1. Considering only residues of region 190-225 that are among the β-branched types (Val, Ile, Thr) and more than 16 Å from the chain's Cα centre (by Cα), which is farthest from LYS73 (Cα to Cα)?
2. Is there a residue in region 10-25 that is touching a Leu at 6+ places or on another chain (Cβ under 9 Å) and β-branched (Val, Ile, Thr)?
3. Tally up the residues in region 166-197 that are of a type in the set (Gly, Ala, Ser) and within 13 Å of ASP155 (Cα to Cα), please.
4. Could you go through region 178-189 and let me know if any residue there is over 19 Å from LYS137 (Cβ atoms), open to solvent by 70 Å² or more (accessible area, probe 1.4 Å) and either over 20 Å from the mean Cα position of the chain (by Cα) or free of Cβ contacts under 8 Å to residues at least 40 places away in the same chain (or both).
5. Looking at region 100-110, is at least one residue out of contact with any strand residue (DSSP E or B) (no Cβ under 6 Å at 6 or more places or on another chain), surrounded by fewer than 19 Cβ atoms within 10 Å (Cβ to Cβ), among the aromatic types (Phe, Trp, Tyr) and in contact (Cβ under 8 Å) with a residue 24 or more places away in the chain?
6. Tell me yes or no: at least one residue of region 101-120 is outside any helix (DSSP H, G or I), under 28 Å from PHE193 (Cβ atoms) and modelled with pLDDT of 75 or more.
7. Do any strands (runs of 3 or more DSSP E) lying entirely in region 1-76 carry at least 3 residues that are open to solvent by 10 Å² or more (accessible area, probe 1.4 Å) and among the small types (Gly, Ala, Ser), and which ones are they?
8. For region 193-219, name all the residues that are without any contact (Cβ under 8 Å) to a residue 24 or more places away in the chain and of a type outside the set (Ser, Thr, Tyr).
Amino acid sequence: MKVRCIIIDDEFPARELLQSFIAKFAHLELAGSFKSPLEAMGVLQNDDIDLMFLDIQMPDITGIDFLKTLTKKPLVVFTTAYEEYAVEGYKLDVLDYLVKPFSFERFMHTINKVGDRLSYKHVVNDFQSLSPKEETKNFMMVKADHKIYRVKFKDILYIEGLREYVTFFCTNEKIVSLESLRNLEQQLEKHGFMRVHKSYIVNIERIVAFYGNQLKLDNVQKYIPIGKSFKEVVNKRLVNS
């Protein structure tokens, strides 16, 4: 499977380095290399781009602000000399964060992440085409440990996020997957789940008590925190449900 990618970086040496690294992978296809986000708009709007290597500090618009304007987003890898933007990248569901100057070994690690995310997406799409309609489906597919797990919604107690990984805490097992809470929040909301903290999604049916800034879940020893920005929504939903 070809992975179509583009580079957006105002520094010529940085573009040259990325181009040389990309050329070493037969499955990577460079669709364009641009010195500004504005130059890349046409390709992003008209072509199917799977992966974007995006610098952050650029003259016309920062990579962060540019990413916020996109409605159709490919997988994104930030390439920057500034480590302090890592948290912002996490909030925007960026797959990885390459700090300049980065080695080929570190770049290869990123490409392995890309392969995991894209292969998981294709497997899930193929499986879902044979699955019940979304409103009647009672499970989700989770990729972990080079396997695809079929996890029933009712068995998920809560999900905890840590950077680009999440951990599914289920009744009989724990599954660590390369995924983001932001994606899962959108997928799971209609199946009885709720984001209660920047790091937690919980199964509403498993909530047995809530008070202050904490939730108690059935069959879970620890208490789940409620984030300040989520508290009002959590209270309304639990009181009205």
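The values are calculated or read from the model by the stated rules, or taken from the named source; none is laboratory data. No experiment lies behind these values; they were computed from the predicted model shown. Glycine gets a Cβ as well: all are built from the backbone with ideal geometry, and neighbour counts include every protein chain shown. Quick note on the areas: whole protein, heavy atoms, side chains included, nothing else; ligands and nucleic acids left out. Shrake-Rupley method; radii C 1.70, N 1.55, O 1.52, S 1.80 Å.
1. At the first step, the residues of region 190-225 found to be among the β-branched types (Val, Ile, Thr) are 196, 201-202, 204, 207-208, 220, 224.
Filter once more, so that each one left must be more than 16 Å from the chain's Cα centre (by Cα): 196, 202, 204, 207-208, 220, 224.
On the way: VAL196: 25, VAL202: 27, ILE204: 30, ILE207: 34, VAL208: 38, VAL220: 36, ILE224: 32 Å.
By that ranking, first place goes to VAL208.
2. yes
3. To start, the set of residues in region 166-197 that are of a type in the set (Gly, Ala, Ser) comprises 177, 180, 192.
If we keep only those that are within 13 Å of ASP155 (Cα to Cα) as well, we get 192.
Selection size over region 166-197: 1.
4. Filtering region 178-189 for residues over 19 Å from LYS137 (Cβ atoms) gives 178, 180-182.
Still in the running and open to solvent by 70 Å² or more (accessible area, probe 1.4 Å): 182.
Keeping just the survivors that are either over 20 Å from the mean Cα position of the chain (by Cα) or free of Cβ contacts under 8 Å to residues at least 40 places away in the same chain (or both) gives none.
Scanning region 178-189 turns up no residue that is over 19 Å from LYS137 (Cβ atoms), open to solvent by 70 Å² or more (accessible area, probe 1.4 Å) and either over 20 Å from the mean Cα position of the chain (by Cα) or free of Cβ contacts under 8 Å to residues at least 40 places away in the same chain (or both).
5. yes
6. Taking region 101-120 first, the residues outside any helix (DSSP H, G or I) are 101-103.
Applying the additional criterion that residues be under 28 Å from PHE193 (Cβ atoms) yields none.
No, the conditions are met nowhere in region 101-120.
7. On the way: elements: 3-8, 28-34, 51-55.
Of the strands (runs of 3 or more DSSP E) lying wholly inside region 1-76, those with at least 3 residues that are open to solvent by 10 Å² or more (accessible area, probe 1.4 Å) and among the small types (Gly, Ala, Ser) span 28-34.
8. We begin by selecting, within region 193-219, every residue without any contact (Cβ under 8 Å) to a residue 24 or more places away in the chain; these are 208-209, 211-216.
Listed by number, the residues that qualify are VAL208, ALA209, GLY212, ASN213, GLN214, LEU215, LYS216.
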